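To start, the structure under review is shown below, and the notes come after it.
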Amino acid sequence: MAYMCKWRFARITARKARLLTDLIRNKPVGEALDLLKFNKKRGAVMVAKVLKSAIANADAKEADVEELYVAKSFCDDGPIMKRFMPKDRGKSYSIFKRLCHITIEVEEGKPPMAKAKRKQLEVRRARLAKKESKKATSSKKTEAAAKKEDAAESK
């Protein structure tokens, strides 16, 4: 079951917050909190608050907090506050104060593995299997050679 939390009208641009929501997607919640804790970006504090709230929602509904992972995390554009800054010679420049909606959804279980990571794991396993088969055949050859030497010594 998914447990969700939203922060609507957060005072940060969606472009800046999206970097952080992409960073924690498909990670266990403990690892995601550590990534946000040691990130220098201002939005990391905001995204961490939303993540902690989603974990608290899951805990309130008696989910196993140790088994949670970030299933979905995204950031949508919110409204834009338009302001004007007076400039020289009677000019004014417009300033856009952008808002966003941060959404995080956590689920119980193991996070799904990405295709690239799955392929990389398969390649590693194939290499290990190949090495082990070479070791097994070389050890059989050495055992056969040792038996021949023992037979030659006993004669």
task: Test Asp34 against the criterion of being assigned by TED's automatic domain parsing to the domain that holds Glu105, closer than 19 Å to Pro112 by Cα, of a type in the set (D, E, K, R) and assigned to a helix (DSSP H, G or I), and give yes or no.
output: no
field: Single residue of Lys148, Lys119, Lys131, Lys61 found to be in contact (Cβ under 8 Å) with a residue 24 or more places away in the chain and over 30 Å from Lys16 (Cα atoms)
entry: Lys61
- request: Answer yes if at least one residue in region 87-104 is within 30 Å of Asp64 (Cα to Cα), in contact with a Leu (Cβ under 7 Å, 6 or more places away or on another chain) and not polar (S, T, N, Q), and no otherwise.
  value: yes
- line: In the set Phe9, Phe74, the lone residue that is outside any helix (DSSP H, G or I), modelled with pLDDT of 95 or more and touching a Gly at 6+ places or on another chain (Cβ under 7 Å) is Phe9
statement: Checked pairs for region 32-51, first among the polar types (S, T, N, Q), second crowded, with 16+ Cβ neighbours inside 10 Å, C-beta under 8 Å and 6 or more apart or across chains, list as Asn39/Leu20; Asn39/Leu23
- line: Lys82: passes all of (1) more than 21 Å from Leu20 (Cβ to Cβ); (2) at pLDDT below 90; (3) not in a helix (DSSP H, G or I) but (2)
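The values are calculated or read from the model by the stated rules, or taken from the named source; none is laboratory data. In this text the structure is predicted, and so the values were computed from the model without any measurement. We place every Cβ from the backbone using ideal geometry, glycine too, and count neighbours over all the protein chains shown.
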